[in-house]
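To start, the structure under review is shown below, and the notes come after it.
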Amino acid sequence: MSSPPAFDRLHPETLHPALWRGHQLGRHGVQGVATGFAALDAQLPGGGWPRRALSELLLAHPGLGEIRLIAPALAAVQQADRVVMLFDPPAALSGWALADMGLDVERLLLIQTATHVPVDPAGRPGGPLRPVELKARLWALEQALKSGHVGAVLAWLPPCLSPDRVRRLQLAAQAHDGPAFVLREAAAQGQPSASPLRLGLRAAGVDQLAISVFKRRGPPLLQPLHLRLPPMLSVVAARRAVAGSSGAAVAGSSVGAVSGTASEAALRSSDGPRLASATFVNLA
């Protein structure tokens, strides 16, 4: 009969999946969804975007390249015959740009919650409106995460969201067997968050993105991770973006800010083809 191992030979990380040493990435019982970027997969516990947890992306402004960053994971979810839900995007979506990223626009579920609804149940045009409470709008997102019918979620959250609301979303995400991305303003970095993964994104040049890992299950990443994104502009247009940003820098703009907004074509407010073939749901 063999004797039990000495206590000093036991490694904490072997006792439970939720334990890890300070210099290690946290172990995860479920393999993550590959990001499509090997350098980023190497820095994420589980080797990719976590399942059953929120991945919080903090942006200075929309259009930095965030959709191109997560598009490979969303496309993989669709290829597994599951639906991708987009929740409250801040601008009209460009169908051709999303399709060029490998997404099937006919298998996108777009949820656009209403901030105001008519006081009159008949909804006559021009009638008085009443605001919709934030908790009622986020209720739809919680239910989608809990339902088990959505493969991936990409949600743009309203600014100044309280930590309690984020905690409710994280609890709901624990029932969601897939990646769940929430996009927030960069100022939210100073607030506590229940999200196990928090990344800060900033443009670092034409089709380049700098990622700061603010929170993960493991040690902090001291230096930002630089990724080259798939190009969205033609060679000629990219050269014009760089040339235009050189002149803008004199007025106080940065190359990264100009090129980042120019190269993110998935979010458009007025120009380019709109997303016409997705399923739209307006929640009043």
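Of 150, 182, which residue is part of a loop (DSSP other than H, G, I, E, B), touching a strand residue (DSSP E or B) at 6+ places or on another chain (Cβ under 8 Å) and either in contact (Cβ under 8 Å) with a residue 60 or more places away in the chain or open to solvent by 30 Å² or more (accessible area, probe 1.4 Å) (or both)?
150
Which numbered condition in (1) in contact with a strand residue (DSSP E or B) (Cβ under 8 Å, 6 or more places away or on another chain); (2) in contact (Cβ under 8 Å) with a residue 60 or more places away in the chain is the only one that residue 219 fails?
Residue 219 satisfies all of (1) in contact with a strand residue (DSSP E or B) (Cβ under 8 Å, 6 or more places away or on another chain); (2) in contact (Cβ under 8 Å) with a residue 60 or more places away in the chain except (1).
If we scan the stretch 160-178, do we find a residue that is buried (at least 19 other Cβ atoms within 10 Å of the Cβ) and under 13 Å from the mean Cα position of the chain (by Cα)?
Yes: the stretch 160-178 contains one or more residues that are buried (at least 19 other Cβ atoms within 10 Å of the Cβ) and under 13 Å from the mean Cα position of the chain (by Cα).
For the stretch 204-214, give me each residue that is assigned to a strand (DSSP E or B), open to solvent by less than 40 Å² (accessible area, probe 1.4 Å) and of a type outside the set (S, T, N, Q).
209, 210, 211, 213
What's the number of the only condition in (1) assigned to a loop (DSSP other than H, G, I, E, B); (2) open to solvent by 10 Å² or more (accessible area, probe 1.4 Å); (3) farther than 18 Å from residue 216 by Cβ that residue 187 fails to meet?
Going through (1) assigned to a loop (DSSP other than H, G, I, E, B); (2) open to solvent by 10 Å² or more (accessible area, probe 1.4 Å); (3) farther than 18 Å from residue 216 by Cβ one by one, residue 187 breaks only (1).
Could you please find all residues in the stretch 133-147 being out of contact with any Pro (no Cβ under 9 Å at 6 or more places or on another chain), surrounded by fewer than 19 Cβ atoms within 10 Å (Cβ to Cβ) and free of Cβ contacts under 8 Å to residues at least 60 places away in the same chain?
Once the filter is applied, which keeps residues that are out of contact with any Pro (no Cβ under 9 Å at 6 or more places or on another chain), surrounded by fewer than 19 Cβ atoms within 10 Å (Cβ to Cβ) and free of Cβ contacts under 8 Å to residues at least 60 places away in the same chain, the stretch 133-147 yields 133, 135, 136, 139, 142, 143, 146, 147.
Looking at 240, 217, can you tell me which residue is modelled with pLDDT under 85, part of a loop (DSSP other than H, G, I, E, B) and out of contact with any Phe, Trp or Tyr (no Cβ under 6 Å at 6 or more places or on another chain)?
Being modelled with pLDDT under 85, part of a loop (DSSP other than H, G, I, E, B) and out of contact with any Phe, Trp or Tyr (no Cβ under 6 Å at 6 or more places or on another chain) holds for just one of 240, 217, which is 217.
The values are calculated or read from the model by the stated rules, or taken from the named source; none is laboratory data. Predicted, not measured: the structure shown is a model, and the values here were computed from it. Using ideal geometry, Cβ is built from the backbone for each residue, glycine included, and neighbour counts are taken over all protein chains shown. Note: accessible area is taken over every heavy atom of the protein model, side chains too, but ligands, DNA and RNA are not part of it. Shrake-Rupley method; radii C 1.70, N 1.55, O 1.52, S 1.80 Å.
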